[in-house]
1. Where does each of 416, 318 land when they are ranked from fewest to most other beta-carbon atoms within 10 angstrom?
2. Give me the extension gain from residue 326 to residue 403: residue separation times 0.36 nm, minus the current Cα-Cα distance, reported in nm with one decimal.
3. Measuring from label point to label point, each 7 Å out along Cα→Cβ, what is the residue 492 to residue 154 span in nm?
4. Take the Cα atoms of the stretch 428-487, find their three principal axes, and give me the spread along each one in whole Å, biggest first.
5. For residue 425 and residue 504, FRET efficiency with R0 = 25 Å and r from the beta-carbon atoms, rounded to 0.05?
6. When Rg is the radius of gyration of the Cα atoms in the stretch 180-319 and Rh is its Kirkwood radius, what does Rg/Rh come to?
7. When only C-alpha pairs under 8 Å and at least 6 residues apart count, what is the relative contact order of the chain, in percent?
8. Suppose only helical runs count, i.e. DSSP H with n ≥ 4. What mean residue ellipticity at 222 nm does that imply for the chain under -39500 (n - 2.57) per run, divided by all residues and rounded to the nearest 500 deg cm²/dmol?
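No lab work stands behind these numbers, since they all come straight from the coordinates. If you're wondering where the values come from, they're calculated on a predicted model, not measured in any experiment. Here the Cβ positions follow ideal geometry from the backbone for every residue, glycine too, while neighbour counts run over all protein chains shown.
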């Protein structure tokens with residue numbers, strides 16, 4: 001649940017109360033079962049069903065219904081449910097009568113003889129989507145009837161949302177009962193229209209719910225009240241007027257839960273490498289600077305985050321504008337799929353059958369370890385050609401994978417991202433390095449703090465000299481950094497201090513004197529950070545072949561890279577093949 005002490009203390013909530021709520025959030029929610037009614041007539045059931053006990057011959061012959069699955073009034077139910085009824089005591093008569101009826105009549109299936117407290121009915125075939133069914137059970141003198149509605153599979157095209165009807169939170173309902181606005185930060189890959197808001201409703205999330213859509217700066221662009229809600233499942237609000245949204249801009253979607261009890265999945269948006277989205281609708285990745293998901297107690301635009309928790313808030317989006325819903329087609333690309341000897345300038349050229357929105361191109365180039373290389377996209381005057389130029393030369397002799405997603409001027413995106421691979425020219429002119437200057441780590445600034453020495457084990461296929469050390473700097477990696485070159489057994493060969501650093505990005509130290517190195521021997525390049533918050537790609541060296549950037553290479557074999565040490569000094573520790581983005585500058589002259 002959304003309970004980081006700082007945000008709540010700012011709102012005047014005592015920290016002790018926060019800790020109590022935080023502990024409660026980690027415990028599974030237990031159903032509260034009211035005492036059974038003494039009346040032997042038609043009474044409301046805790047599950048929301050109607051129980052007819054008039055046929056009972058006496059208390060000893062009755063088995064009051066406690067709960068059903070799906071719950072009475074539930075929505076977004078899967079198409080292959082096992083319908084169950086749980087009673088207050090063991091059923092004496094195993095001959096349970098169970099029926100399930102839809103618009104086409106009774107559903108064929110199998111009733112499992114009652115075992116203990118629970119009776120079950122299993123349909124013989126998947127149920128129809130988007131359909132309301134009536135379930136009835138008769139056991140030990142108790143007759144109960146309730147209804148539920150199945151979900152609908154995702155449509156082939158938009159209108160669309162991040163999650164479909166069958167996505168279910170691991171925890172549909174928390175114990176937090178305070179009024180709270182819950183949301184998510186989203187963006188769209190093409191210009192289009194936001195039609196409404198969706199949220200997942202679990203047991204106890206009662207009261208009148210409102211939904212809102214906001215600009216990133218806090219302007220409420222649309223709002224409305226949810227109606228015709230089911231007791232559980234996905235709820236949808238359609239705004240009176242659609243909201244026009246632009247490509248690749250952040251927005252916030254939210255709903256207000258007046259009695260809390262919201263759905264939650266902790267760390268959902270913060271899992272390593274996870275991207276969350278569908279078609280043209282995506283959640284903004286969680287970072288320290290821009291958290292996702294969001295909450296605000298008492299209502300208003302949610303702007304606080306807690307451990308990248310997902311509160312299961314979604315947006316209903318339709319691509320296109322002015323009646324044009326036709327998607328563009330990529331009809332030419334350079335380099336071609338599986339091309340070899342591709343120039344190291346890495347320029348990608350994409351041709352389309354119609355004009356492209358200049359704000360829409362999302363071109364991603366990755367290396368063999370999945371690290372992303374950044375660059376700049378430009379659209380031609382007629383809008384039909386997109387040219388992408390990386391921020392630095394590519395690694396030689398390496399296989400790269402490109403992914404392109406664009407939208408036309410009406411906001412219609414490619415039906416799916418176009419993906420292909422190619423291999424660069426085998427050698428580079430030196431001075432040269434292991435990694436492209438266009439590379440940006442998956443985590444430019446980790447949460448680790450304190451002094452660290454971080455390094456890479458490398459070598460060269462030819463003799464030459466190391467002229468300096470490079471490293472990638474993210475936010476928070478402050479203080480004076482030193483760089484060093486070591487022999488494989490830890491002899492210090494050169495060191496120096498980085499100067500004229502930029503706030504973020506690749507930093508380079510040039511040694512006072514180049515250090516000659518021999519061919520085909522292992523050396524270690526490292527840098528010292530006094531504050532931590534270093535860059536890292538978890539498991540980078542374990543999920544790819546060794547880095548070959550002729551004439552340079554990284555050391556091969558298990559536990560070869562990357563290296564670290566608490567404090568300063570020769571880094572000897574290893575963990576999970578992490579890459580800490582340390583590099584060298586090498587010359588053959």
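1. Values: 416 10, 318 17.
Ordered by Cβ neighbours within 10 Å, fewest first: 416, 318.
2. Working: separation 77, 0.36 × 77 = 27.72 nm, distance 2.09 nm.
The span from residue 326 to residue 403 would gain 25.6 nm if fully extended.
3. For residue 492 paired with residue 154, the spin-label model returns 5.5 nm.
4. Principal-axis extents of the Cα atoms in the stretch 428-487, largest first: 38, 26, 17 Å.
5. Details: r = 29 Å, r/R0 = 1.18.
Efficiency for this residue pair is about 0.25.
6. Working: Rg = 13.8 Å, Rh = 14.8 Å.
That ratio equals 0.93.
7. On the way: 1632 pairs, mean separation 61.7, N = 589.
It comes to 10 percent, rounded to a whole number.
8. Working: 2 runs with 18 residues, N = 589.
Estimated from H runs of four or more residues: -1000 deg cm²/dmol.
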